[in-house]
Amino acid sequence: QDFKNKLTSKLREFSSIYRIGHFLLKIILRGQKTLKFKSNIIFKNVTFKYIKRKIVENLYIKLNSKKIVTFCGPSGCGKTTVIDLIIGLYKPNSGEILIDNIPLNEINIKSWRRQIGYVPQETILLNNTILENITLGTKY
């Protein structure tokens, strides 16, 4: 009986640890919904600022899938910031980004980023293989 009580107690501890770990993993991944991008990306009144400087203010745009989209404008107008918001590198200060009508903060960010091809303005090369440079070290 004593062994059974100790075992039950340990199983409860492991169960609690598992639940805490699972909760933390959800926070780390930001969202659990995975999706296959089909329809559109919508910025609903998105505002983003670096410290005190507003880069994007009350932006509402709809980007349809399977279309080529270009962002044009002078340096510092927010082109790269919009892309960084789409891929989840930044979170908006206000407003909402929807991917196929699902809020970006509910989507598994790793799953979402696997669907995006992104060529940054400034290229950084790692002292590694071509594959490592293309995939930025992500294991597939």
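The values are calculated or read from the model by the stated rules, or taken from the named source; none is laboratory data. From a predicted model like this one, the values you see are computed outputs, not experimental measurements. In this analysis, Cβ positions are derived from the backbone assuming ideal geometry, glycine residues included, and neighbour counts consider all displayed protein chains. Just so you know, the surface numbers come from the protein's heavy atoms only, side chains and all, with ligands and any DNA or RNA stripped out. Shrake-Rupley method; radii C 1.70, N 1.55, O 1.52, S 1.80 Å.
What are the trypsin sites (Lys or Arg not before Pro) within the range 76-114 that DSSP puts in a loop, where the Cβ has at most 13 other Cβ atoms within 10 Å? List each step's numbers first, then the result.
Numbers: sites: 79, 110, 113, 114; in loops: 114.
Qualifying residues, ordered by number: 114.
Taking a straight Cα-Cα cut-off under 18 Å and skipping sequence neighbours fewer than 8 places away in the same chain, the aspartates and glutamates within cross-link reach of residue 91 are 57, 100, 106. Here is the list for the range 54-140: GluC sites (Glu not before Pro) lying in DSSP coil, each with at most 15 other C-beta atoms within 10 angstrom of its C-beta, are 122. Average accessible surface for the range 36-121: 65 Å² per residue, computed with a 1.4 Å probe over protein heavy atoms with every protein chain in place.
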